[in-house]
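Undergrad: Got a structure for you, written out below as structure tokens; questions coming shortly.
The values are calculated or read from the model by the stated rules, or taken from the named source; none is laboratory data. What you see is a predicted model, and the numbers here were worked out from it, not measured in a lab. Counting neighbours? That spans all protein chains shown, and the Cβs are built from the backbone with ideal geometry, glycine included. These area figures cover heavy atoms from the full protein model, side chains too; ligands, DNA and RNA do not enter into them. Shrake-Rupley method; radii C 1.70, N 1.55, O 1.52, S 1.80 Å.
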Amino acid sequence: MTWHLAPEAFDTADATSLRRDYYDEVASRYWKRPATFEEIDQGLTNDGVELLTPPTGQFVVSRFDGEAAACGGLLMLDSERAELTRVYLRPAFRGKKGASLLLELLESEARLLGASRMVLNTRLDLVEARSLYVRHGYREIPAYCTGLYVEICYGKDLGRTD
């Protein structure tokens, strides 16, 4: 049983399926009801995912024994800060260390793009995600952006790339 993680285009079949599952889970939890197919499509339309390619960002897919299991992205906000986004691990693969490996790879990819700091925003109800970030050294920071779903922000120094 092994993990394989690597950068991957956001629009491959596996990446698209993972992004749909991510949006389904976060939207359904927020609305306290299952998201419809149409709502998922609408949520993914013009969501900026095309920026998750070098040099403006990166998208990665994780596979467990060959099966698409997780994804995540990072977006360069400026020359030193990257934003962690779309971090998702399918429920069947949780508890197998995949989230930790995913964060490590995303942090490494951020360093390759020149980032020395990673930031993220999330909702208070996503307690599992918040716990994951804190376990990996992310600390609450003042808001660096605004938005309907921005309820708490975290940051972590990644170290210098030079």
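Undergrad: Just give me the residues in segment 1-50 being aromatic (F, W, Y) and crowded, with 16+ Cβ neighbours inside 10 Å, in sequence order.
TA: W3, F10, Y22, Y23 - these are the residues of segment 1-50 that are aromatic (F, W, Y) and crowded, with 16+ Cβ neighbours inside 10 Å.
Undergrad: Among the residues of segment 100-115, which ones are crowded, with 17+ Cβ neighbours inside 10 Å and over 13 Å from the mean Cα position of the chain (by Cα)?
TA: L113, A115
Undergrad: Just need a number here: residues in segment 67-78 that are over 19 Å from L132 (Cα atoms) and either assigned to a strand (DSSP E or B) or at pLDDT below 95 (or both).
TA: Adding up the residues that qualify gives 4.
Undergrad: Count, please, the residues in segment 81-99 that happen to be assigned to a helix (DSSP H, G or I) and open to solvent by 30 Å² or more (accessible area, probe 1.4 Å).
TA: Residues in segment 81-99 being assigned to a helix (DSSP H, G or I) and open to solvent by 30 Å² or more (accessible area, probe 1.4 Å): 2 in total.
Undergrad: Keeping to segment 23-49, report how many residues are among the acidic types (D, E), within 15 Å of R86 (Cα to Cα) and part of a helix (DSSP H, G or I).
TA: 2
Undergrad: Any chance segment 19-27 includes a residue that's at pLDDT below 95 and at positive phi?
TA: No, the conditions are met nowhere in segment 19-27.
Undergrad: Among the residues of segment 116-162, write down those that are more than 23 Å from Y23 (Cβ to Cβ), open to solvent by less than 80 Å² (accessible area, probe 1.4 Å) and not in a loop (DSSP other than H, G, I, E, B).
TA: Scanning segment 116-162 gives R117, V134, I141, G155, K156.
Undergrad: Let me ask something else. Given the structure, is E128 modelled with pLDDT under 95, more than 17 Å from F10 (Cα to Cα) and not aliphatic (A, V, I, L, M)?
TA: So E128 passes the test.
Undergrad: Report the residue count in segment 27-44 for those that are of a type in the set (S, T, Y) and free of Cβ contacts under 8 Å to residues at least 12 places away in the same chain.
TA: Selection size over segment 27-44: 2.
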